[in-house]
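To start, the structure itself, in structure tokens.
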Amino acid sequence: TLKNDNSSRFGKFIKISFDTHTGSIVGATISNYLLEKTRITTQVDGERNYHIFYQIFSGADEATLANLKLEQGIESFRYLGKRAQLKSRRDATAYVETIACLSQIGLSESEIGSVLGILSAVLHCGNIDFEVSKDDDHGEKAQI
């Protein structure tokens, strides 16, 4: 958020189960949920999208950016607000930490590459333009 660059976008719901005879707690479950489901496609003025997008542009080497088709830079992606520069100086360090954490939890280099590929695909999907066109046989249709 604007006030806290590291604020959480997730919430927790705790369901507590009680014994109907004694009133004692017999169990509990915690569910995590995403608070901001639209954050990828739109942001409030001055806000950033998810940190990982900026981390990739700041921390990934040229070969990785080229492999992900991200070499045109952050300003080329609508989902990043077409910003010409990065906001946080910590993004490059955070990228290295993120990749290390993914490795530490057991993801292989190939799997980490797949995660980065999915993130790249999300950014590229944001640049797709859809147009409505007339189809004489079926009415309106969408065209990319």
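When restricted to residues that are open to solvent by less than 40 Å² (accessible area, probe 1.4 Å) and over 23 Å from residue 41 (Cβ atoms), segment 103-132 contains 2.
Number of residues in segment 40-51 that are open to solvent by 40 Å² or more (accessible area, probe 1.4 Å) and either hydroxyl-bearing (Ser, Thr, Tyr) or more than 11 Å from residue 123 (Cα to Cα) (or both): the value is 8.
If the condition is being in contact with a Lys or Arg (Cβ under 9 Å, 6 or more places away or on another chain) and among the β-branched types (Val, Ile, Thr), then segment 37-57 contributes only 41.
Considering (1) closer than 30 Å to residue 90 by Cβ; (2) open to solvent by 60 Å² or more (accessible area, probe 1.4 Å); (3) assigned to a loop (DSSP other than H, G, I, E, B), the lone condition that residue 12 does not fulfil carries the number (3).
Scoring residue 58 on the criteria (1) modelled with pLDDT of 85 or more; (2) of a type in the set (S, T, N, Q); (3) loosely packed, with under 13 Cβ neighbours inside 10 Å; (4) more than 19 Å from residue 125 (Cα to Cα) leaves a single failure, condition (3). Which residues, taken from segment 96-127, are small (Gly, Ala, Ser) and either outside any helix (DSSP H, G or I) or at pLDDT below 95 (or both)? Once the filter is applied, which keeps residues that are small (Gly, Ala, Ser) and either outside any helix (DSSP H, G or I) or at pLDDT below 95 (or both), segment 96-127 yields 106, 108, 126. Taking the criterion of being modelled with pLDDT of 80 or more, within 26 Å of residue 118 (Cα to Cα) and open to solvent by 80 Å² or more (accessible area, probe 1.4 Å), the only residue of segment 15-39 that qualifies is 32. Selection of segment 39-66 for residues being of a type in the set (S, T, N, Q), touching a residue at least 12 places away in the same chain (Cβ under 8 Å) and farther than 19 Å from residue 100 by Cα yields 41, 43, 49.
Whenever a residue of segment 68-80 is without any contact (Cβ under 8 Å) to a residue 60 or more places away in the chain and closer than 25 Å to residue 110 by Cα, it has no partner that is assigned to a helix (DSSP H, G or I) and among the basic types (Lys, Arg) lying with C-beta atoms less than 6 angstrom away and at least six residues away or across chains. Candidates in segment 61-78 are the residues that are open to solvent by less than 40 Å² (accessible area, probe 1.4 Å), under 18 Å from residue 95 (Cα atoms) and outside any helix (DSSP H, G or I); of these, the one that is modelled with the lowest pLDDT is 73.
The values are calculated or read from the model by the stated rules, or taken from the named source; none is laboratory data. Model, not experiment: these values are computed from the prediction. Cβ sites come from the backbone with ideal geometry, for glycine too, and all protein chains shown count toward neighbours. For the accessible areas, the whole protein counts, side chains as well, though only heavy atoms, and no ligand, DNA or RNA atoms are used. Shrake-Rupley method; radii C 1.70, N 1.55, O 1.52, S 1.80 Å.
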